[in-house]
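Trainee: This is the structure, below, for whatever I ask next.
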């Protein structure tokens, strides 16, 4: 089995679980991810941030949605408009029933 940092080392082998950082990147407004076009002076700048540790789990769906947005100019199969950055600027949290970040 390949050790940490060795060519071909997998995610599981990259670090001992006890040594993994406990950083959760999330916004303080509602704890949800920010996905989609950035607002405020950067044209063609798309973000997908703030998954609070669940990015690996949500990555495939977000990747598909952003691919559609970039190639077609709109979401086609997964509508993520509610996660746009504009909600942060407007101070309109996306609240989830039964979940608190």
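Rule-based calculations on the coordinates, nothing more; no lab input. Since the model is a prediction, treat every value here as computed from it, not as a measurement.
Trainee: What is the gain in length, in nm to one decimal, between residue 44 and residue 89 on full extension, counting 0.36 nm per residue of separation less the C-alpha to C-alpha distance? Could you put the intermediate results ahead of the total?
Mentor: Numbers: separation 45, 0.36 × 45 = 16.20 nm, distance 1.83 nm.
Between residue 44 and residue 89, full extension yields 14.4 nm more.
Trainee: Using a/c under 1.5 as the rounded threshold, could you call segment 22-89 rounded, prolate or oblate? The axes a ≥ b ≥ c are square roots of the C-alpha gyration tensor eigenvalues, and prolate needs a/b larger than b/c, oblate otherwise.
Mentor: Values: a/c = 1.95, a/b = 1.23, b/c = 1.59.
Oblate shape, in that a/c is at least 1.5 and b/c is the bigger or equal ratio.
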